[in-house]
Structures are given as C-alpha cells and as structure tokens.
Amino acid sequence: MMVSCGVFLTTIATNCLLSSAFIDQQCKTKVEDLIKSDPCPVNGGWSDWSAWSDCSTTCGTGLSRRSRACFNPAPSLLGQQCDGDSNDYSLCYSNPCKVDGFCSEWESWFCSFRKPHTRMRQRTCYDPLFGGQPFQGNDTESYTDPSCT
C-alpha cells in the first residue's frame, strides 16, 4: 500500500478450517497494521462571520463591517490559506445630517430698475435642514451709483 501522508489502518483477516482427518483445529489470523507517514497539509477554513459593526457615521451614509478569521481550522503543514476576504463591508445610513443654511456666490452688480441711482447684487440663500443653523447675512447688497438711471 502506497501512502503519501497521514495515518492509515490496514486490517488483514484470515480464517481457516482444517479437516478432522488431521487435527480438528480452527485458525484465525488478524493483523492490524498501523502505517504512519509524514503528516498531511491542513488547508485553512473560515470561522463564522462576526456581527455587523455600528455604522461608521452618526449621520448620513457610512460603512458597517463584519469579519471572519481563517482558523477553522488554521492552515498548517504547508496547507492553503483561506480563499476570499476576511472583511465584508456594507453601506449603512444613520439619521440625516444637519445642514446649515448657506448662500450661493454673489451675482454681478447691476443697476436696479426699481430704485433709481442704485447698483445691486444678489445671491440665492437656502434655509437650514434637519436642525442646522440659519445663515447669518443678506441675500442682497446695494449702494448709490449716480450713473444708474
């Protein structure tokens, strides 16, 4: 028997009956051979996945992670490492984030049609969302310009 690695048990059993013309005898032979050779490599196996972690952010979109380890069994005796990733990620969403009020960039100055001799500029301002702070400032600016008629 050719054995490359591990432990194998070989059993040989022989039964024989001799006729009564000779000596009335039964014979039994049982041989158990324990054949040992070099230990076999053990390939790694993954553990179960852990529970998902908390979301990485307290508001908005973040990541949640779970992990596993290559020790079920651990690779040994030149066995293969586990195939695949030890971490798994998933998008998660917490509460909406507070958004403070804000304004766009100023538009170009122009002469007002409603107020003679007045030059104005405007910008668009947006209200806060989800409990954010309001913007402190104006959405228009003006000054007197005699060239505006």
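Tallying residues that are in a loop (DSSP other than H, G, I, E, B), open to solvent by 90 Å² or more (accessible area, probe 1.4 Å) and over 30 Å from residue 146 (Cα atoms) within the range 108-129 yields 1.
Has the range 94-107 got any residue that is closer than 30 Å to residue 66 by Cα and part of a strand (DSSP E or B)?
Here is the first cut: in the range 94-107, the residues closer than 30 Å to residue 66 by Cα are 94-98.
Those still in the list that are part of a strand (DSSP E or B) too: 95.
Scanning the range 94-107, I find at least one residue that is closer than 30 Å to residue 66 by Cα and part of a strand (DSSP E or B), so the answer is yes.
In the range 65-90, of all residues being part of a loop (DSSP other than H, G, I, E, B) and open to solvent by 100 Å² or more (accessible area, probe 1.4 Å), the one that is farthest from residue 129 (Cα to Cα) corresponds to 78.
Filtering the range 94-117 to residues that are farther than 18 Å from residue 143 by Cα, more than 32 Å from the chain's Cα centre (by Cα) and touching a residue at least 24 places away in the same chain (Cβ under 8 Å) leaves 100, 101, 102, 103. For the range 51-64, the criterion of being under 30 Å from residue 97 (Cα atoms), modelled with pLDDT of 90 or more, open to solvent by 60 Å² or more (accessible area, probe 1.4 Å) and assigned to a strand (DSSP E or B) is met by at least one residue.
The values are calculated or read from the model by the stated rules, or taken from the named source; none is laboratory data. Note that the coordinates shown come from a computational prediction; the quantities given were computed from them, not determined experimentally. Here Cβ is always computed from backbone atoms with ideal geometry, including for glycine, and neighbour counts include all displayed protein chains. Each accessible area value is taken on the protein alone, full model and side chains, heavy atoms only, with ligands, DNA and RNA left out. Shrake-Rupley method; radii C 1.70, N 1.55, O 1.52, S 1.80 Å.
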